[in-house]
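Values quoted throughout were computed directly from the atomic coordinates according to the rules given, and no laboratory measurement underlies them. Predicted model only: the values in this text are computed from it and were never measured. Cβ sites come from the backbone with ideal geometry, for glycine too, and all protein chains shown count toward neighbours.
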Amino acid sequence: MSEVSNIPLQQSIRDLGQADKNFFNSCTGKRQGKKVKPPKFKLRKSTQSARFRTGGFKINQHQVYLAKIG
């Protein structure tokens with residue numbers, strides 16, 4: 001775990017929390033608009049993605065440096 005950046009891991013937990021909140025608010029009627037389906041987990045075959053916060057990367061003229069990845 002010390003070799004992997006914690007930012008994408010935290011972001012995935014944050015995304016799951018928001019998806020659950022939207023689903024349960026939709027079920028109880030607290031959320032306006034159409035009903036939201038329960039969250040789905042990404043499959044290994046799907047396109048993988050990661051988002052980094054401001055402190056998670058640096059952009060130079062010819063390269064991008066990701067924290068703990070290089």
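For the range 16-45, the list of chymotrypsin sites (Phe, Trp or Tyr not before Pro) that fall in a loop by DSSP and count at most 10 other C-beta atoms within 10 angstrom reads F41. Between I69 and K30, the modelled labels are 3.4 nm apart [label points 7 Å from Cα along Cα→Cβ]. Straight Cα distances below 30 angstrom link K30 to the lysines K21, K40, K42, with same-chain residues fewer than 8 positions distant left out. Using 0.36 nm per residue and subtracting the Cα-Cα separation, the extra length available between F23 and F41 on full extension is 5.1 nm.
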